[in-house]
Amino acid sequence: MAEVSLKDVTKIYDGDVLAVEQADFQIPDESFTVLVGPSGCGKSTLLRMIAGLEEITEGDIYINDERINDIPPKDRDIAMVFQNYALYPHMTVYKNMAFGLKLRKYPKTEIDERVKEAAEILSISHLLNRKPKHLSGGERQRVAVGRAIVRHPKVFLFDEPLSNLDAKLRVQMRMEISRLHDRLNATIVYVTHDQVEAMTMGDQIVVLNEGKIQQIADPGTLYHKPENQFVGGFIGTPPMNFIETDIVNNGGDPILRFENFKVELNAQLQSALDKLSGDSVTLGIRPEDIHVGENGNNQVETQVELVEPLGNHALLYLRTEKSSFVAQSDLIDMPQHNALVTVNFNMDKAHLFHPETGESLTVF
């Protein structure tokens, strides 16, 4: 397969619209790299520049050691799977999968071998004589993937391929594509706006926002050690809670205060405050680290605005006088709507972010 390298890649539209700003990272050989972020963050533009469908304003892209900026898309040895399946409606599944190889004048015997091999991998051998109109959405997506597989490309590019599928089918196709990666030992670059897809599929995740790379890491690092407030809020379902707090002195040790509540800091968090020159900080804490109960040093009195049962646990949407946040609760301890409850913050799992830049103060 191949390693893809991006060196300070920038894309500017119409002279002043900055879509991607100095993207600089590597996609390792045989990795499953996911580009994730909200709509308009530049992830699809990055993918299209790798494919050669968009011109690069500045910077360079390499596959292995070959600079590909000026190489036409058809000569880059890349296969791309789009959000829309782009199947030829008048052709059978077999002919759709074989079409690209036929254009490249592969021998008929090799075309037949590759198509049948890909169909077996994707469990669509029984569909080869059908036309797209007789297929379900998931089956059409498998055909689109199969059309890419038969090429035996250096790199597979997926541009939000599951967006048109229902929730259950998306889960199934996530597993199919992940198994495909393991079976082919392929280099895959996958674009999605769905952070659940990113976390469950990628071994390297590139988080983008407004054309800038926010963090590149494995799923566990992104979740537990976000480098800024955007990553902390984007990765995780439900997202991390953020509370604006004041830093106050408590007998010589700093603590955090919001409204009438005081939150104690462990040694690591106290040390993190040394990076600040002001007297306020943004506290970040995930819902599973806010516990319902009277025991603990960091108690906060709240009112339940909404209870959302989710099978083995529930999400509690809580409110104080000026703040709101989400906590996770066992069903046994699940309070009722409008109930007054005390929660405790597990500050050993908390994060502190710069109140102006959003940069994490707790990534050491």
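The values are calculated or read from the model by the stated rules, or taken from the named source; none is laboratory data. The structure displayed is predicted, hence computed values, not measured ones. Neighbour counts run over all protein chains shown; Cβ positions are idealised from the backbone, glycine included. Note: areas computed on protein heavy atoms with side chains; ligands, DNA, RNA excluded. Shrake-Rupley method; radii C 1.70, N 1.55, O 1.52, S 1.80 Å.
So here's what we get for this one:
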{"quantity": "Relative contact order, percent, the chain [alpha-carbon distance under 8 Å, six or more residues apart]", "calculated": "16"}
{"quantity": "At 0.890 mPa s and 25 °C, Stokes D of the range 112-257 from Kirkwood alpha-carbon radius, µm² per second", "calculated": "136"}
{"quantity": "Accessible area of residue 75 in the full protein assembly, 1.4 Å probe (Å², nearest 10)", "calculated": "90"}
{"quantity": "GNM flexibility winner over the chain from 204, 195, 22 (Cα, springs under 10 Å)", "calculated": "22"}
{"quantity": "With DNA, RNA and ligands ignored, accessible area of residue 291 (1.4 Å probe; Å², nearest 10)", "calculated": "90"}
{"quantity": "222 nm mean residue ellipticity, helices alone, for the chain (DSSP H n ≥ 4; -39,500 (n - 2.57); rounded to 500)", "calculated": "-7500 deg cm²/dmol"}
{"quantity": "The range 105-210 - percent relative contact order, Cα under 8 Å, separation 6 or more", "calculated": "24"}
{"quantity": "Highest-fluctuation residue, 174, 67, 104 considered, GNM on the chain with Cα pairs under 10 Å", "calculated": "104"}
{"quantity": "Choice from 346, 64, 250 with maximal GNM fluctuation in the chain (Cα, 10 Å cutoff)", "calculated": "250"}
{"quantity": "Sulfur and carbon atoms: percent of accessible area, the range 249-317 [1.4 Å]", "calculated": "41"}
{"quantity": "Pair-distance profile P(r), taking every C-alpha pair of the range 150-198, with 5 angstrom steps and integer %", "calculated": "5, 18, 31, 26, 14, 6, 0"}
{"quantity": "Rounded to 5, percent antiparallel among DSSP beta bridges of the chain", "calculated": "75"}
{"quantity": "Per-residue SASA entry for residue 123, accessible area with 1.4 Å probe, Å² rounded to 10", "calculated": "80"}
{"quantity": "Relative contact order (percent, whole number), the range 289-362, Cα cutoff 8 Å, 6+ residue spacing", "calculated": "38"}
{"quantity": "Probe 1.4 Å, protein heavy atoms only - accessible area per residue of the range 179-273 in square angstrom", "calculated": "44"}
{"quantity": "Nearby aspartates and glutamates by direct alpha-carbon distance to residue 275 (threshold 12 angstrom, same-chain neighbours under 8 apart not counted)", "calculated": "359"}
{"quantity": "Ranking by accessible area, most exposed first, for 190, 94 with a 1.4 Å probe", "calculated": "94, 190"}
{"quantity": "Centre separation in Å (Cα based) which lies between the range 277-300 and the range 250-269", "calculated": "10"}
{"quantity": "Sparse-neighbourhood loop sites, GluC sites (Glu not before Pro) in the range 287-364 - DSSP loop, at most 11 other Cβ within 10 angstrom", "calculated": "294, 321, 356"}
